[in-house]
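What follows is a short report on a single structure.
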Amino acid sequence: MNTLTEVSQFTNEPFTNFALPEHKLAMESALAKVKAELGGEYPLHIGAHKIITDAKIISINPGDLDHVIGFVSKADKELAEQAMNTAQETFETWKKVAPAARADYLFRAAALMRQRKHEFSAVMVLEAGKNWAEADADTAEAIDFMEYYAREMLRLAAINETQPLTKVAGEDNKLTYIPLGVGVVIPPWNFPLAITVGMTTAAVVSGNTVLLKPASATPVIAHRFVALMEEVGLPAGVINYVPGSGEEVGDYLTTHPKTRFISFTGSKEVGLRINRLAAETQPGQIWIKRVVAEMGGKDGIVVDETADLEAAAAAIVASAFGFQGQKCSAGSRAFIVESVYDEVVSRVAELTKGLQTGLPEANFSAGPVIDHNSFKRILNYIETGKGEGRLVAGGGEAEGNGYYIEPTVFADVDGKAVIMQEEIFGPVLAIGKAKDWKEAIAKYNDTEFGLTGAFFSGSEERIAEALHTMHCGNLYINRKCTGALVGAHPFGGFNMSGTDSKAGGHDYLLLFTQAKATSIKLG
């Protein structure tokens, strides 16, 4: 088995350069293979059992509504209870497996995913509407999470043996990190592989068992991950795959007295509901449930007059419209000082108009939003924006047999406007003017969220001030506010952005463990 001294230092998985003919051909081949498998049936995984149900989640390609990605069996309360009992039983053996052995499953899964990375990416191109680069980055991050958390488990195991406690004569004292129990993992659809993999493997490598309830929009890619873990030999019952409705299965498992923790990524509204339900102690429950929640943001970029304006405009557009703005880190707001305001707005509008909207499998820069509900909600926000700002790009539906919306930019938007305050989760950018850089930062901070932000300036003094005063979990200087890398940018936010979990950092596995102090009297 691997030990900390036997594994190499963690490095991020490189992104694929699709400009190279061999990589382009490999991705086209993967897309053809995945398309040939469309319409398959995917069962529940409860322990060693594969269960086909009459009720189905039908996964649809948001970029081409004529394509069914797959028919996914749907759990109900009875099956959720069966999965819970299986996870409880499996926990009793899994928690005793050596940390190095648990980590080894992640190392093996990462290696296998790396071999098949274009196939995993191709599924997301078709199921989530990601272009090639966005899908490739998602798969790379999934690999990173497994590699990183495997090493983190080895590091914690080593700390268990060498914890620097205060010495007491006549005693042997230790502090060790032990697993919690059975957890419910509820990932989002926008990073349907990376976040699913990260949340799930962090829990299981720490010694817990999980019930994985994937997002209903992207259950097929989640099933591919579960099948991969089965292929590398992960014992049955460690990960139980139970797709189902949030109101039925999600609420049932959240309130279940045997649930020890809930790991959630998604909207503020759902996160607060989970937190509220988890706080109610159920009959037979003997612990306070732990909630790990990442709940989104209303992120922004501040630009002062000393900044590289071309770089700032490019970063604003990339942050706002990468994956159609469907990222909790998306820069959906920008505040620009008035002396350079018109210049930056003009350039942002120009760059936005240059984004081509179309089918993700054809690798257009802008694709569809995830589903019909998102489509209608975002268009409603755009109509609201037309009364709150000056439309300078986009503003409506785009052509295509899917949920396509033009990348949209509003200028001259007040900081208190609806489109400045509410998370839209779509390709909509609001730009506001500030008299100076300090007012711009104040406008940026005027939000209930606090996930990511960026500050563009050429002044070291102003940068130093921004580092202290911009209130968010992930702050970037002179670069875009999206694209956190595992190990380099531990990710999580403040306020209504969640519990600041810092995924991909040294603190993360501690959320899935509890510290036990032991003291042995010597002699």
Which one of 277, 212, 253 is over 30 Å from residue 445 (Cβ atoms), touching a strand residue (DSSP E or B) at 6+ places or on another chain (Cβ under 6 Å) and free of Cβ contacts under 8 Å to residues at least 60 places away in the same chain? 212
Pick from region 276-325 the residues that are of a type in the set (Val, Ile, Thr) and under 18 Å from residue 434 (Cα atoms): which of them is surrounded by the fewest Cβ atoms within 10 Å (Cβ to Cβ)? 306
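Every residue, every condition in (1) under 23 Å from residue 218 (Cα atoms); (2) of a type outside the set (A, V, I, L, M); (3) not assigned by TED's automatic domain parsing to the domain that holds residue 134, yes or no:
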| position | (1), (2), (3) |
| --- | --- |
| 316 | no, no, yes |
| 322 | yes, yes, yes |
| 325 | yes, yes, yes |
| 359 | yes, no, yes |
| 362 | yes, no, yes |
| 392 | no, no, yes |
| 400 | yes, yes, yes |
Provide a single number: the residues in region 70-98 that are in a loop (DSSP other than H, G, I, E, B), surrounded by fewer than 23 Cβ atoms within 10 Å (Cβ to Cβ) and touching a residue at least 12 places away in the same chain (Cβ under 8 Å). 5
Among the residues of region 276-288, is any within 23 Å of residue 144 (Cβ to Cβ), modelled with pLDDT of 95 or more, among the hydrophobic types (A, V, I, L, M, F, W, C) and not in a helix (DSSP H, G or I)? no
Across region 229-253, which residue is farthest from residue 38 (Cα to Cα) among those that are surrounded by fewer than 20 Cβ atoms within 10 Å (Cβ to Cβ) and aliphatic (A, V, I, L, M)? 236
Taking the residues in region 493-508 that are touching a residue at least 60 places away in the same chain (Cβ under 8 Å) and at negative phi as candidates, determine which candidate is surrounded by the fewest Cβ atoms within 10 Å (Cβ to Cβ). 506
Find all pairs meeting these conditions: Cβ atoms under 9 angstrom apart; at least six residues apart or on different chains; first residue within region 14-26 and aliphatic (A, V, I, L, M); second residue outside any loop (DSSP other than H, G, I, E, B). 26/118
Number of the exception - residue 102 against (1) over 20 Å from residue 181 (Cβ atoms); (2) of a type in the set (D, E, K, R); (3) surrounded by 21 or more Cβ atoms within 10 Å (Cβ to Cβ): (1)
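Residues are listed down the side, and each one gets a yes or a no for (1) in a loop (DSSP other than H, G, I, E, B); (2) surrounded by fewer than 24 Cβ atoms within 10 Å (Cβ to Cβ); (3) of a type in the set (D, E, K, R); (4) in contact with a Gly (Cβ under 9 Å, 6 or more places away or on another chain):
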position: 413; (1), (2), (3), (4): yes, yes, no, yes
position: 419; (1), (2), (3), (4): no, no, no, yes
position: 429; (1), (2), (3), (4): no, no, no, yes
position: 443; (1), (2), (3), (4): no, yes, yes, yes
position: 448; (1), (2), (3), (4): yes, yes, yes, no
position: 454; (1), (2), (3), (4): no, no, no, yes
position: 458; (1), (2), (3), (4): yes, yes, no, no
position: 471; (1), (2), (3), (4): yes, yes, no, yes
Could you look through region 124-180, keep only residues that are in a loop (DSSP other than H, G, I, E, B) and not aliphatic (A, V, I, L, M), and pick out the one that is surrounded by the fewest Cβ atoms within 10 Å (Cβ to Cβ)? 166
Within region 13-25, residues being crowded, with 16+ Cβ neighbours inside 10 Å and under 19 Å from residue 359 (Cα atoms) number 1
Quick check on residue 425: is it in the same structural domain as residue 471 (by TED's automatic domain parsing) and within 30 Å of residue 466 (Cα to Cα)? yes
If the Cβ limit is 9 Å and pairs must be 6+ apart or interchain, which residue in region 183-200 that is without any contact (Cβ under 8 Å) to a residue 60 or more places away in the chain pairs with which residue that is assigned to a helix (DSSP H, G or I) and of a type in the set (Ser, Thr, Tyr)? 194/139
Picking from 462, 479, which residue would you name as being among the basic types (Lys, Arg), touching a helix residue (DSSP H, G or I) at 6+ places or on another chain (Cβ under 7 Å), surrounded by 14 or more Cβ atoms within 10 Å (Cβ to Cβ) and closer than 30 Å to residue 133 by Cβ? 479
Expected output for region 56-69 (first residue over 21 Å from residue 364 (Cα atoms) and assigned by TED's automatic domain parsing to the domain that holds residue 426, partner at pLDDT 95 or above and hydrophobic (A, V, I, L, M, F, W, C), Cβ below 8 Å, 6+ apart or cross-chain) is none
Looking at region 375-399, which of its residues are in a loop (DSSP other than H, G, I, E, B) and surrounded by 17 or more Cβ atoms within 10 Å (Cβ to Cβ)? 388, 389, 394, 395, 398
If you go through region 165-172 one residue at a time, do you hit one that is over 14 Å from the mean Cα position of the chain (by Cα), at pLDDT 95 or above, in the same structural domain as residue 59 (by TED's automatic domain parsing) and among the hydroxyl-bearing types (Ser, Thr, Tyr)? no
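The values are calculated or read from the model by the stated rules, or taken from the named source; none is laboratory data. In this text the structure is predicted, and so the values were computed from the model without any measurement. FYI the Cβ positions are ideal-geometry reconstructions off the backbone, even for glycines, and counts take in every protein chain you see.
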